[in-house]
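Undergrad: I am attaching a structure below and will ask some questions about it afterwards.
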Amino acid sequence: MVAALVIVPIISIFFIPFYYYMRSPMHILMSSWKDLAKNEELSFTEDELNQLLNHLRKIPPDMEVAVIDSGTTVLLSSMAEFPTTTFISPEKLWEVISMTKENYFYQVVYPFTLSQNSTSDVIIISRALRETKNRRRSHEFTMRWLVIFFSIFSITFITAVIHIAYSILSSISILDKKTKRIADGDLSTSLIDSNEKSKNKDEILNLTENFEKMRLSILESEERRTKFIMGISHDLRTPVAVIKGYTEAIADDVVTNPDDIKNSLKIIHQRTNQLDDMITSLINYVKLSNSEWQQKLEVANLFSELSEFINEAEIMGSLYKREIICNVDISPELEVPMDRQLFQRALENIFTNAVRYSKEDSTISITAKENADKVFITISDTGIGIADLEHIFDLFYRGTSSRREEGMGIGLAVVKQIVESHGWKIDVKSEVGKGTSFTIMINK
Ligand code: ADP
């Protein structure tokens, strides 16, 4: 609709002058004019040609014209009775004019006398059809249709403008009300009504959809924050409750035996360490998700980074009685931009899980291979496997079978964040009872 309203006037603006130009005597006589200007026999001076041209330009469209050298020749003509380059005597000329004057209005101009022949004048004869009854009727008919067309066009145009203005204003006022409610903290207000969705898409609707996305993402981050705080409180409370119980028992002389006191202190120490670990991983996670935190990317040798990790994995493997199989098949020169500390942390988190969720004497394999544009690092275990892979990287997600294991469900969320902040990808495959394998895909 808007396009039609814009395109029709633009076409009219260009078409009307073009239409008049095509029907102007100057355009109709153009090719004969070129011949005339080149004709050396006539030897028009430049001044005479310009004078002639000026006269022709002034003649309105739809008029017939003939330029005649009164001596003899028709120089330019759009009149059927006087073809160009034919000879015509003054007598014949006046005869034609007097015979047709009933039908035409004639106008005769003598712009100049040909310089090389002082007896011969140049005559411009122009004529327009007299108004006949039929012609007047057809003219009135055309005018009537033009008036009807422009009236319909104007009414449609005004209606469309009012409609567009109304719909924009009403959308803006709805948007204004809803955004105010959101600004006041009511994030539950949806910006898009279900019936609004079915309406045609326009700019305002696009804007509203963007606001809606913003609202949902704020809502989501609010929910994440609440879940985060609830998760922390819950997970921190467990070791705190144990510590509190044992210290109270010692303080209230419930436990008096020196061996029991020693055991209690051991448990308190363990739980304090656990708390310390939890707090450290929380701080690290918060740091990682904070937008102010800057990743320190530097070009590192991937082979030596992997070797460093494998050394530690082997020590941990022998400590926890896991067989570690390594197969690193990448170029020792391969350099990749990365934050080395974070890279090590991601591998450690995956590896510790492989140890935690597998049995003693089971095998954990670490492999690295490359193709033309990627390096694939895979850590696989033969442990309990994961039933629900969908939420594995969500913050605080803990598999049902791991409830008794210590952990907060942060490790894999951290891994994902590290991998994605480098522009890499991570993939997981798992089969319950058989094992799990994580693959990090690094861009070369
Ligand atoms: P958690 O501290 O609970 O281990 P993670 O984010 O590291 O937190 O892991 C989330 C959950 O994913 C774990 O609770 C566990 O259920 C599952 N998981 C992770 N790695 C493995 C693995 N190698 N084998 C089996 N389950 C795993």
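The values are calculated or read from the model by the stated rules, or taken from the named source; none is laboratory data. Keep in mind that what you see is a predicted model, and the values were worked out from it rather than measured. Cβ coordinates were reconstructed from backbone atoms using ideal geometry, including for glycine residues, and neighbour counts include every protein chain displayed. Ligands, DNA and RNA are stripped out before the accessible areas are found, and what is left, the full protein with its side chains, is counted by its heavy atoms. Shrake-Rupley method; radii C 1.70, N 1.55, O 1.52, S 1.80 Å.
Undergrad: Answer yes or no: is there a residue in the range 145-153 that is under 28 Å from M22 (Cβ atoms), in contact with a strand residue (DSSP E or B) (Cβ under 6 Å, 6 or more places away or on another chain) and modelled with pLDDT of 85 or more.
TA: Step one: of the range 145-153, the residues under 28 Å from M22 (Cβ atoms) are 145-153.
Add one more test, that the residue is in contact with a strand residue (DSSP E or B) (Cβ under 6 Å, 6 or more places away or on another chain), and what stays is none.
No, the conditions are met nowhere in the range 145-153.
Undergrad: Quick one: L42 ticks every box in (1) modelled with pLDDT under 75; (2) surrounded by 13 or more Cβ atoms within 10 Å (Cβ to Cβ); (3) in a helix (DSSP H, G or I) except a single one, so which number is it?
TA: Among (1) modelled with pLDDT under 75; (2) surrounded by 13 or more Cβ atoms within 10 Å (Cβ to Cβ); (3) in a helix (DSSP H, G or I), the lone unmet condition for L42 is (3).
Undergrad: So I204 passes all but one of these: (1) modelled with pLDDT of 80 or more; (2) open to solvent by less than 40 Å² (accessible area, probe 1.4 Å); (3) part of a helix (DSSP H, G or I); (4) farther than 22 Å from L282 by Cα. Which condition number does it fail?
TA: Condition not satisfied by I204: (1).
Undergrad: Kindly indicate whether any position in the range 223-238 is under 40 Å from the mean Cα position of the chain (by Cα) and hydroxyl-bearing (S, T, Y). Before you say what the answer is, go through the steps one by one.
TA: Just the residues of the range 223-238 that are under 40 Å from the mean Cα position of the chain (by Cα), to begin with: 223-232.
Next cut, hydroxyl-bearing (S, T, Y) only: 226.
The answer is yes; a qualifying residue exists.
Undergrad: Residues in the range 302-315: is at least one assigned to a strand (DSSP E or B) and open to solvent by 10 Å² or more (accessible area, probe 1.4 Å)?
TA: Applying the first criterion (assigned to a strand (DSSP E or B)) to the range 302-315 yields none.
The answer is no; no qualifying residue exists.
Undergrad: Of T352, T378, which residue is out of contact with any helix residue (DSSP H, G or I) (no Cβ under 9 Å at 6 or more places or on another chain) and within 16 Å of the ligand (Cβ to nearest atom)? Give the derivation first.
TA: Numbers: T352 fails: out of contact with any helix residue (DSSP H, G or I) (no Cβ under 9 Å at 6 or more places or on another chain).
One residue alone meets the criteria, T378.
Undergrad: Just need a number here: residues in the range 251-285 that are in a helix (DSSP H, G or I) and either among the polar types (S, T, N, Q) or buried (at least 16 other Cβ atoms within 10 Å of the Cβ) (or both). Steps first, answer last, please.
TA: Narrowing the range 251-285 to residues in a helix (DSSP H, G or I): 251, 258-285.
When the remaining residues are screened for being either among the polar types (S, T, N, Q) or buried (at least 16 other Cβ atoms within 10 Å of the Cβ) (or both), the result is 263-264, 268, 270-275, 278, 280-282, 284-285.
Within the range 251-285, residues that are in a helix (DSSP H, G or I) and either among the polar types (S, T, N, Q) or buried (at least 16 other Cβ atoms within 10 Å of the Cβ) (or both) number 15.
Undergrad: Under 7 Å between Cβ atoms, at least 6 apart or on separate chains: pull out the pairs that start in the range 341-361 with a residue that is aromatic (F, W, Y) and end on any residue that is assigned to a helix (DSSP H, G or I) and within 7 Å of the ligand (Cβ to nearest atom).
TA: Qualifying pairs under 7 Å: Y357/S402.
This table checks each residue for (1) away from the ligand (no atom under 11 Å from the Cβ); (2) closer than 25 Å to D235 by Cα; (3) open to solvent by 40 Å² or more (accessible area, probe 1.4 Å); (4) in a loop (DSSP other than H, G, I, E, B).
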residue	(1), (2), (3), (4)
N327	yes, no, yes, no
V336	yes, no, no, no
L342	yes, yes, no, no
A372	yes, no, yes, yes
I384	no, yes, yes, yes
A387	no, yes, yes, yes
Y397	no, yes, yes, yes
